[in-house]
Amino acid sequence: MGRIFSVALIAIAIASPVSAQTRAASLTLTTRPSPLGLGQNLFEVIVKDAKGQPVTNADVSLLLVMPADPKTKHPEMRTEGKLNNVGSGKYNGIAIVTMAGDWDVTVAAARNGKELARKTQRLTAYLKTPSKAK
């Protein structure tokens with residue numbers, strides 16, 4: 001059985017999958033629930049090679065950084081961990097969402113110490129789930 005990556009982190013809203021593609025691999029990040037809520041949230045990453053085939057033997061990491069805010073004297077917050085390989089090119093981990101605001105989220109996949117793909121995106125965390133537009 002895989003390990004569950006559990007850390008205290010933030011409430012990041014991801015309304016649609018975040019994808020990155022390089023010559024070596026592509027990454028797709030989704031979350032459940034989406035957008036994220038307070039408490040436990042599941043980060044899932046699908047890794048595919050340049051031909052669209054699942055990469056089943058990668059090391060996949062997740063890094064979340066909330067930049068420091070000098071105006072409020074809020075220090076930088078950072079959390080990182082390795083996601084679990086659950087098979088068929090899928091990797092996941094649980095994160096505890098604890099704070100609203102802007103976060104830089106980086107997902108990276110490597111194999112044998114060589115980076116295959118990396119994606120960084122700024123996402124906003126919300127105290128309450130935004131209502132959907134009608």
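At Thr120 and Ala24, where each label point lies 7 Å from the Cα along Cα→Cβ, what is the point-to-point distance in nanometres?
Each label point is offset 7 Å from its Cα along the Cβ direction, giving 1.7 nm.
Calculate, in nm to one decimal, what Met99 and Lys128 gain on full extension: separation in residues at 0.36 nm each, minus their alpha carbon distance.
Details: separation 29, 0.36 × 29 = 10.44 nm, distance 1.09 nm.
Gain on extension, Met99 to Lys128, equals 9.4 nm.
Please give me, ordered by residue number, the trypsin sites (Lys or Arg not before Pro) of the stretch 39-130 that lie in loop per DSSP and have at most 15 other Cβ atoms within 10 Å. Don't jump to the answer; show the numbers that get you there.
Working: sites: Lys48, Lys51, Lys71, Lys73, Arg78, Lys82, Lys90, Arg111, Lys114, Arg118, Lys119, Arg122, Lys128; in loops: Lys51, Lys71, Lys73, Lys128.
Answer in residue order: Lys51, Lys71, Lys73, Lys128.
Could you tell me which GluC sites (Glu not before Pro) in the stretch 27-134 are loop residues by DSSP with no more than 10 other beta carbons within 10 angstrom of their beta carbon?
Values: sites: Glu44, Glu76, Glu80, Glu115; in loops: Glu76.
The qualifying sites are Glu76.
Using a basic spin-label model with each label point 7 Å from the Cα along Cα→Cβ, how many nm lie between Asp69 and Ser88?
Output for this residue pair reads 4.1 nm.
Where in the stretch 66-97 does the label zone of Asp59 land, with the point 7 angstrom along Cα→C-beta and an amide N cut-off under 13 Å?
Flagged as within label range: 81-83.
Using Cβ contacts closer than 10 Å as the measure, can you line up Asp49, Asp102 from fewest to most?
Numbers: Asp49 18, Asp102 14.
Least crowded to most crowded, the residues run Asp102, Asp49.
Every read-out reported here was derived from the displayed coordinates using simple, explicitly stated rules and does not represent laboratory data. From a predicted model like this one, the values you see are computed outputs, not experimental measurements. So basically every Cβ, Gly included, is an ideal-geometry build from the backbone, and we count neighbours across all protein chains shown.
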